[in-house]
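Asker: Quick one: structure below, then a few questions.
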Amino acid sequence: MSQFISGIALLVRDYGEALAYYTQSLGFTLVEDRTDGARRWVVVMPPGAHETRIRLVKATKPEQIERVGDHTGGRVFLFLQTDDLMRDYAALKARGVHFIEKPRREVFGLGAIFTDLYGNRWELVEMAKPS
């Protein structure tokens, strides 16, 4: 048996602002942007990703609108793994991404937490090389 999580849904306020942020600020690739008449299907993925995709979903109901920017009650929601944290930290900061801390060394390697345009917490991580 083989299973994996191919994607997640991320609540957004507006497709235009979300697409601009994820493609321009974070440098993600737009995979799909289509409508079926009633709904819009917008999918992005990090550079170099092969399987993981994020579906941007416009919040329309009051309970969804309340959750935009707070999917996990203030905890880190998503982990964006990189092969060079310092390179990506500098590039993301230059594109206006808001880091709430400087890179730090952890047991797993390096990490730095940032917030997306809605306030969701993400952690940019570089895993330590096995010795």
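Asker: Here is a check on your reading of the model: is Arg75 within 15 Å of the chain's Cα centre (by Cα), closer than 24 Å to Phe4 by Cβ, surrounded by fewer than 17 Cβ atoms within 10 Å (Cβ to Cβ) and outside the structural domain of Ala20 (by TED's automatic domain parsing)?
Answerer: yes
Asker: If you take the residues of the stretch 57-110 that are of a type in the set (S, T, N, Q) and out of contact with any helix residue (DSSP H, G or I) (no Cβ under 9 Å at 6 or more places or on another chain), which of them is farthest from Ala38 (Cα to Cα)?
Answerer: My answer is Gln81.
Asker: Of all residues in the stretch 39-66, count the ones that are basic (Lys, Arg), surrounded by fewer than 16 Cβ atoms within 10 Å (Cβ to Cβ) and over 17 Å from Glu17 (Cα atoms).
Answerer: 2
Asker: Give the residues of the stretch 110-131 that are out of contact with any Gly (no Cβ under 9 Å at 6 or more places or on another chain) and closer than 22 Å to Thr72 by Cβ, sorted by residue number.
Answerer: Listed by number, the residues that qualify are Leu110, Gly111, Ala112, Ile113, Phe114, Trp122.
Asker: Looking at (1) under 15 Å from the mean Cα position of the chain (by Cα); (2) within 19 Å of Leu11 (Cβ to Cβ), can you tell me which one Leu92 breaks?
Answerer: Only one criterion is unmet by Leu92, namely (2).
Asker: Right, next: Checking the conditions here, which among Gly37, Gly111, Gly48 is outside the structural domain of Pro130 (by TED's automatic domain parsing) and within 27 Å of Lys129 (Cα to Cα)?
Answerer: Answer to the check: Gly48.
Asker: Another question, then. So which residues in the stretch 107-126 are out of contact with any His (no Cβ under 8 Å at 6 or more places or on another chain), modelled with pLDDT of 95 or more and among the hydrophobic types (A, V, I, L, M, F, W, C), if there are any at all?
Answerer: Matches in the stretch 107-126: Leu110, Ala112, Ile113, Leu117, Trp122, Leu124, Val125.
Asker: Keeping to the stretch 1-34, report how many residues are surrounded by fewer than 13 Cβ atoms within 10 Å (Cβ to Cβ), touching a residue at least 12 places away in the same chain (Cβ under 8 Å) and over 17 Å from His50 (Cβ atoms).
Answerer: Adding up the residues that qualify gives 3.
Asker: Return a yes/no flag: does the stretch 84-100 have any residue that is surrounded by 13 or more Cβ atoms within 10 Å (Cβ to Cβ), out of contact with any Lys or Arg (no Cβ under 9 Å at 6 or more places or on another chain), free of Cβ contacts under 8 Å to residues at least 12 places away in the same chain and not β-branched (Val, Ile, Thr).
Answerer: Checked the stretch 84-100: at least one residue is surrounded by 13 or more Cβ atoms within 10 Å (Cβ to Cβ), out of contact with any Lys or Arg (no Cβ under 9 Å at 6 or more places or on another chain), free of Cβ contacts under 8 Å to residues at least 12 places away in the same chain and not β-branched (Val, Ile, Thr).
The values are calculated or read from the model by the stated rules, or taken from the named source; none is laboratory data. These numbers come from a predicted model, not from an experiment. Don't worry about glycine lacking a Cβ; one is built from the backbone with ideal geometry, like all the others, and counts go over all protein chains shown.
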